[in-house]
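K.L.:
This is the structure I want to talk about, given as C-alpha cells.
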C-alpha cells in the first residue's frame with residue numbers, strides 16, 4: 001500500500017484514486033444489467049399490448065418467447081455470483097438506519113448530513129435485497145410458466161395465479177431498477193464511471209463511502 005492506494009500487480013491505478021470494483025465484478029454486473037434490460041423489455045412486450053411492439057423490435061414474438069427464459073438463467077447466474085462476492089458488504093450496519101432516516105438529504109445531494117457508509121450504502125443494500133428476493137420468486141414462477149404442459153391437469157388453476165405473481169414481482173424489480181439507475185447517474189455522479197473503470201477518486205470514496213475508504217486504506221482523512 002502506498003499513498004492510500006492498494007497496489008495490485010495487474011492494475012494501474014492513478015495516485016489519487018482507489019480501486020472500487022475488480023474486473024470480474026464489473027463484468028458480471030454489466031452482463032447482469034444487459035440480461036435484466038432484455039428481460040424487462042421482452043417481459044413488458046408479453047405483459048401488455050401497449051408494449052407489444054417491442055416484441056418485433058427484439059426479433060418477433062416467437063423469438064422473445066424462446067429467449068426470455070434462457071436469458072433469465074444468465075441473469076440468475078450473474079446475480080448469484082455477485083451475491084457470493086458481495087454478501088458480506090450487503091449486511092446491515094448501525095449507520096444504515098441513520099442513512100435511511102436522512103434519505104431526503106441524500107436525494108438532495110447534501111452529503112455532509114449523511115452518516116459514513118461502508119462499501120455500499122443503505123439504499124444500495126435495500127435495492128440489492130429487493131432484487132435478490134424477487135429473483136427467487138421470478139425463478140419459481142418462471143419455471144412453471146416455461147413448461148406449463150408439465151403441470152398436472154388438476155393443478156392448472158395455479159397457472160393464472162403464477163402469471164399474476166410473476167408479473168407483479170417483475171414490476172417491483174422494474175421500479176427498483178429505475179430508482180437504481182436514477183440514483184447512480186444523477187444523484188451520485190461518479191457511480192457509473194466507477195463501474196466502468198473500476199476505480200474512483202479518494203475524495204469520492206471519502207465522501208460517499210468513508211467507512212469503506214478507511215478500511216481499505218487505513219487512513220482517517
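K.L.:
Shape verdict for the stretch 16-125, please, from the Cα gyration tensor: rounded (a/c under 1.5), prolate (a/b greater than b/c) or oblate.
P.N.:
Since a/c reaches 1.5 and a/b is larger than b/c, the shape of the stretch 16-125 is classed as prolate.
K.L.:
Consider the candidate values (1) 30, 18, 17; (2) 38, 19, 16; (3) 35, 20, 17; state which one is semi-axes √(5λ) of the Cα gyration tensor in Å computed from the structure displayed.
P.N.:
Of the labelled values, this structure produces (2).
K.L.:
By the gyration tensor of its Cα atoms, with a ≥ b ≥ c the square roots of the eigenvalues, what is the shape of the stretch 130-221: rounded for a/c under 1.5, prolate for a/b over b/c, or oblate?
P.N.:
Numbers: a/c = 4.33, a/b = 3.25, b/c = 1.33.
Because a/c hits 1.5 or more and a/b exceeds b/c, the stretch 130-221 counts as prolate.
K.L.:
Then there is this: Mind ordering 159-168, 34-43 by average Cβ neighbours within 10 Å, highest first?
P.N.:
Output ranking for 159-168, 34-43: 34-43, 159-168.
K.L.:
On C-alpha positions alone, give me the angle between the axis of helix 61-86 and the longest principal axis of the chain, in degrees, nearest 10.
P.N.:
Relative to the chain, helix 61-86 is tipped by roughly 30 degrees.
K.L.:
Another one. What angle do you read, to the nearest 10 degrees and between 0 and 90, between the alpha-carbon axis of helix 158-182 and the longest principal axis of the chain?
P.N.:
30
K.L.:
Arranged by the count of other C-beta atoms within 10 angstrom, fewest first, what order do 113, 138 take? Please report the intermediate quantities before stating the final value.
P.N.:
Numbers: 113 11, 138 24.
Fewest to most other Cβ atoms nearby, the residues stand as 113, 138.
K.L.:
Continuing with this model, one more query. What number, in percent, do you get for the relative contact order of the chain if the mean sequence gap of Cα pairs under 8 Å and at least 6 apart is divided by its residue count?
P.N.:
Numbers: 204 pairs, mean separation 63.1, N = 221.
Relative contact order of the chain: 29 percent.
K.L.:
Could you list 81, 70, 99, 146 in order of exposure, starting from the residue whose Cβ has the fewest other Cβ atoms within 10 Å? Write down the numbers at each step before the final one.
P.N.:
Values: 81 17, 70 11, 99 20, 146 14.
Starting with the residue having the fewest Cβ neighbours, the order is 70, 146, 81, 99.
K.L.:
Any chance you could check the Cα centroid distance between the stretch 149-169 and the stretch 32-76 for me, in angstrom?
P.N.:
Value for the Cα centre distance between the two parts: 19 Å.
We did not get these values from a lab; they are worked out from the coordinates using the rules stated. It should be emphasised that the depicted structure is a prediction, and the values quoted were computed from it without experimental measurement. Every residue, glycine as well, gets a Cβ built from its backbone with ideal geometry; the counts of neighbours run over all protein chains shown.
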